[in-house]
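Visitor: After the structure tokens below, expect a handful of questions from me.
The values are calculated or read from the model by the stated rules, or taken from the named source; none is laboratory data. Computed from a predicted structure; not experimentally measured. We place every Cβ from the backbone using ideal geometry, glycine too, and count neighbours over all the protein chains shown. In case anyone asks, the SASA skips ligands and DNA or RNA and just uses the protein heavy atoms, side chains included. Shrake-Rupley method; radii C 1.70, N 1.55, O 1.52, S 1.80 Å.
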Amino acid sequence: MYYSFSGASIPSHLATIAIPLAEDNSTSPLTILDEALTELLVDRFVRQTRLTLVEDPAEADLLLTVYIDRYTNAPTSVTGQERAQFNRVSLSVRARYYNRVDDDALERSFSNFDDYDPLAGGLEAEEAAALSALENIADDLFTAATSNW
């Protein structure tokens, strides 16, 4: 039997999930990406399902491990003065969703991007664009995991 909360299907015999801190293997200058992605995933899997978060992966029915593999920040359009009008932050994340009870693992990569004006916002705008891309990745990952991607 499956329960559904906001479109999410979690088998009824699964009650707990562990989501260790995301591992940032990218070359991003932003130091917040690992914690931000982890918080976004905890929010989705714990607040939008009946799953309970546990710290010890060995005690969890489900184990979600994520790795930020790529971060790029490049101009997408240039002004007449040869200056970047907009930059695009792109992120790629690899996820492994392991059902310890049924000994079944699903692995998949997710990517997303967001644009920002580097002249208007600088590093804060870059960070906001990165967080927006991570939020979309977290949504996609949650949807995929809860529909058995």
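Visitor: Taking the condition aliphatic (A, V, I, L, M), more than 19 Å from the chain's Cα centre (by Cα) and either modelled with pLDDT under 95 or not in a strand (DSSP E or B) (or both), does A120 pass?
Guide: The answer is yes for A120.
Visitor: Sort out which residues of the range 43-54 are open to solvent by 30 Å² or more (accessible area, probe 1.4 Å) and farther than 15 Å from Y98 by Cα, and write them in order of number.
Guide: Result: D43, V46, R47, Q48, R50, T52.
Visitor: Does the range 27-41 contain at least one residue that is under 13 Å from A138 (Cα atoms) and either loosely packed, with under 15 Cβ neighbours inside 10 Å or more than 18 Å from the chain's Cα centre (by Cα) (or both)?
Guide: Checked the range 27-41: at least one residue is under 13 Å from A138 (Cα atoms) and either loosely packed, with under 15 Cβ neighbours inside 10 Å or more than 18 Å from the chain's Cα centre (by Cα) (or both).
Visitor: Which count do you get for residues in the range 47-62 that are modelled with pLDDT of 95 or more and among the β-branched types (V, I, T)?
Guide: 2
Visitor: Related question: Does at least one position in the range 86-102 carry a residue that is at pLDDT 95 or above, surrounded by fewer than 19 Cβ atoms within 10 Å (Cβ to Cβ) and assigned to a helix (DSSP H, G or I)?
Guide: no
Visitor: Go through A133, A128 for me and flag whichever is outside any strand (DSSP E or B), touching a residue at least 12 places away in the same chain (Cβ under 8 Å), exposed (fewer than 15 other Cβ atoms within 10 Å of the Cβ) and in contact with a Phe, Trp or Tyr (Cβ under 7 Å, 6 or more places away or on another chain).
Guide: So the residue among A133, A128 that is outside any strand (DSSP E or B), touching a residue at least 12 places away in the same chain (Cβ under 8 Å), exposed (fewer than 15 other Cβ atoms within 10 Å of the Cβ) and in contact with a Phe, Trp or Tyr (Cβ under 7 Å, 6 or more places away or on another chain) is A128.
Visitor: Picking from L37, L64, which residue would you name as being under 20 Å from A130 (Cβ atoms) and out of contact with any Cys (no Cβ under 7 Å at 6 or more places or on another chain)?
Guide: On the way: L64 fails: under 20 Å from A130 (Cβ atoms).
Step by step, each of L37, L64 is checked, and only L37 is under 20 Å from A130 (Cβ atoms) and out of contact with any Cys (no Cβ under 7 Å at 6 or more places or on another chain).
Visitor: Another question about this same structure. Go over the candidates T72, T65 one by one and state the one that is under 19 Å from L123 (Cα atoms), under 17 Å from the mean Cα position of the chain (by Cα) and modelled with pLDDT of 95 or more.
Guide: Going through T72, T65 in turn, just one is under 19 Å from L123 (Cα atoms), under 17 Å from the mean Cα position of the chain (by Cα) and modelled with pLDDT of 95 or more: T72.
Visitor: A follow-up question, please. Which residues, counting only those in the range 28-39, are out of contact with any Asp or Glu (no Cβ under 6 Å at 6 or more places or on another chain) and assigned to a helix (DSSP H, G or I)?
Guide: Matches in the range 28-39: E35, A36, L37, T38, E39.
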